[in-house]
Amino acid sequence: MSFTIDFENRDQLDLPALVSKPLPWLKEKQRLAFEQFKSAKTPTRKIEHWKYNDMTFLKGQSFTQSKRANESVLTEVNGEFNQITFEDAIEIFIVDGHIVSDISALRSIEGLTITNFNQTSPAQQDIINSHADIELNSKNLLANLNEATLSDGLLIEVEPKKVIKQPIYIRHVTLSSENPAVSNQKIVVQLAPSAELTLVEHFESSLDDSEQLALQQTSIYLAANSRFTHYRLNLEAETARQVSQVKTTLDRDAQLNSFYLGLGSKLNRTDIETIHAGQNAECNITGIYLPANEQAIDYHTNIEHRVPHCNSNEVFRGIIADKASATFNGKIHIFQDAQKSDAQLNNKNLLLTNQAEVNTKPELEIYADDVSCAHGATVAQLDNKSVYYLQTRGIDKQKAKKMLSIAFVQELLNQIKHESVRDYLSHLLDNYMVKVAN
Amino acid sequence: MLKINNLHAKVEDKNILKGLSLEVKPGEVHAIMGPNGSGKSTLGYVLSGREGYEATDGTATLNDKDLFDMEADERAKSGLFLAFQYPVEIPGVSNMEFLKASVDAVREYQQKEPLDAVAFMKLAREKCQEVNLDQAFLKRGVNEGFSGGEKKRNEIMQMMLLEPEVCILDETDSGLDIDALQVVADGVNACRDPKRSFIIVTHYQRLLDYIVPDYVHVLSDGKIVKSGGKELALELEEKGYGWIDQL
């Protein structure tokens, strides 16, 4: 069964009719999310939360829920898409919002449990329910729609003190046979005290001209002293639309290292919520966005220091080509009790053409008085003097521009710890920059 | 080799060069001296193809090829080299990556075999040693955080790697202490060759004690107003640039 959503008349929609295979234990949260979805205002540029996004495609458009593809589709996926070559990783395919890999057949690794939502025990269901943050999503009707209509999802758990060496490599693929289609799903990650895990989320879509809207949420809880490394690579086709959220809650001494890449997509809106809920927690969030043609990439980040003695370090860089646009909204919220917080935020942008656009908005909300906070944002164009200097050494203009553009983000690439990811991205950037540096 | 005839050039609607002529033959070293604002740096920029420096009249050819018909990188690949007075810093591009790209481009244009990574590393290390630069500089960003002297030595190292036919050294001596000056001059002298020529643009005579020119030209208000042998530099040093106005 699939559902059809008419955003204009969503108040007339009925929840049970929308959810194909309901998860009874999620029913109450879904009902709340659905109420939010129905009452939320339709996104337009007049609403601050959506100010820089063109959401007009929702108007007068009905979306059908993507159908589940069967496992045979993976042969096609493997042929069509480039993948990161890991020495040893646990690979999971999610196609059009449906978990296609047979989770029960995954190799078992001590201390690591991966469970399909519909296979969970009551204790696991409680965990998933605790990740459904209806309030946090109140402004975002698409986040609520995702939550309300979830029928597929993954719970990833790591036991105390277990260090999982193999990265979990989730390949989110949109093939979308229906048109226009909406896909949705959720990943929940739960790390027990002193556990360690790396998660790589790789988003791809086929190169057709279908109208797709992918809704996705990854919600992470890091218990005391746990460490989590997260890569989120959005490498979708020109026509793709994704609205997603990543929420991470850190307990005391927990550490989050995350890296985002945005490339492609007609609309890629990612809201990144990071919450310091235990003392001495630390997050390092870096990201690169590279929109070209008429693409639009938007990262909305919010870091909440709710308790004292936490660190956050956030660096995003963007290179905007052609007529593309990018938005970076970086908010740091330091609560009154969060003394001795250290929060650093930096955003730099490089515009390659006169028609490229960037909206950068660092926001500080500080209610404590003994904190160290710094934020900065810059927008620049390629330095003509540098281009000329390289030319006088025999390097042609296009190559010079490419070298300088890559240099702009190189520092962030160099910080990537996993060599296989770094190599993959270096290659990708190299090829991409040849195209846009013309 | 390099022939400049009646060159006029402007920068942002201001005429800077007003009929400069100069012929440089293989193996020759020419010094161009002149007061600030006489157009010394402009000459290097116009010949090398900097944006905004426009030749409005006259010609400049390198081995009978019209320089103004070529992009800046083509001029470099054809054998023209400009050592900058103020080399730019390019963070994020490593010196090694930059030098390799540069040497690759020039060799490809000149239809020479490309150097493999190992051979190039070896060559770059040798050249580093010759200009007394620590090899650690190869890993750093281009000129990033280099001192004035290190930047100039980096320029000379690039010149050694690219093996150009005509080298223009734009105030390479400015801001150098005597030891650094000696290193730079040694580098230049090591590159002297019957087939390679130099134009040394300088404000001071001092450099010419180390790199002895065949000809000295005095540039004033966009034109060469006096030419002579190396003794002209000494005369200038003694009498000062005010002396030119009386010529």
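Just one of the numbered conditions (1) in contact (Cβ under 8 Å) with a residue 12 or more places away in the chain; (2) open to solvent by 30 Å² or more (accessible area, probe 1.4 Å); (3) assigned to a loop (DSSP other than H, G, I, E, B) is not true of A:ARG45; which one?
(1)
Scan region A:362-388 for residues that are surrounded by fewer than 16 Cβ atoms within 10 Å (Cβ to Cβ), within 14 Å of chain B (Cβ to nearest Cβ) and either among the polar types (S, T, N, Q) or in contact with a helix residue (DSSP H, G or I) (Cβ under 6 Å, 6 or more places away or on another chain) (or both) and report the count.
The number of residues fulfilling the criteria is 3.
Do you know which residues across region A:2-26 are modelled with pLDDT of 85 or more and either surrounded by 13 or more Cβ atoms within 10 Å (Cβ to Cβ) or in contact with a His (Cβ under 8 Å, 6 or more places away or on another chain) (or both)?
The answer is A:LEU23, A:TRP25, A:LEU26.
Go through (1) crowded, with 20+ Cβ neighbours inside 10 Å; (2) within 14 Å of another protein chain (Cβ to nearest Cβ); (3) at pLDDT 95 or above for B:ILE199 and report which single condition fails.
(2)
For B:PHE68, are the conditions met, namely being in contact (Cβ under 8 Å) with a residue 12 or more places away in the chain and at the interface with chain A (Cβ under 9 Å from one of its Cβ atoms)?
no
Report the residue count in region B:126-185 for those that are within 30 Å of B:ILE4 (Cβ to Cβ), part of a loop (DSSP other than H, G, I, E, B) and within 14 Å of another protein chain (Cβ to nearest Cβ).
Residues in region B:126-185 being within 30 Å of B:ILE4 (Cβ to Cβ), part of a loop (DSSP other than H, G, I, E, B) and within 14 Å of another protein chain (Cβ to nearest Cβ): 4 in total.
Among strands (runs of 3 or more DSSP E) lying entirely in region B:43-106, which contain 2 or more residues that are over 13 Å from the mean Cα position of the chain (by Cα) and of a type in the set (A, V, I, L, M, F, W, C)?
Filter on region B:43-106 gives B:53-62, B:90-94.
Within region A:209-233, track down each residue that is under 11 Å from the mean Cα position of the chain (by Cα) and in contact (Cβ under 8 Å) with a residue 60 or more places away in the chain.
A:LEU215, A:GLN216, A:GLN217, A:SER219, A:TYR231, A:LEU233
Hey, A:LYS397 hits all of (1) open to solvent by 20 Å² or more (accessible area, probe 1.4 Å); (2) more than 12 Å from every other protein chain (Cβ to nearest Cβ); (3) touching a helix residue (DSSP H, G or I) at 6+ places or on another chain (Cβ under 8 Å) but one; which does it fall short on?
(2) is the only condition that A:LYS397 fails.
Condition check: modelled with pLDDT under 85, of a type in the set (Gly, Ala, Ser) and open to solvent by 10 Å² or more (accessible area, probe 1.4 Å). Does A:SER177 satisfy that?
Here the answer is yes, as A:SER177 does meet what is asked.
Could you list, in sequence order, the residues of region A:402-438 that are touching a residue at least 40 places away in the same chain (Cβ under 8 Å), within 14 Å of chain B (Cβ to nearest Cβ) and of a type in the set (Gly, Ala, Ser)?
A:SER405, A:ALA437
Going by the structure shown, is A:GLU204 within 21 Å of A:GLY111 (Cβ to Cβ) and touching a strand residue (DSSP E or B) at 6+ places or on another chain (Cβ under 7 Å)?
In short, no.
The values are calculated or read from the model by the stated rules, or taken from the named source; none is laboratory data. Keep in mind that what you see is a predicted model, and the values were worked out from it rather than measured. Because the Cβ atoms are built from the backbone with ideal geometry, glycine has one as well, and the counts that use them run over all protein chains shown. With ligands, DNA and RNA removed, areas are computed over all heavy atoms of the protein, side chains included. Shrake-Rupley method; radii C 1.70, N 1.55, O 1.52, S 1.80 Å.
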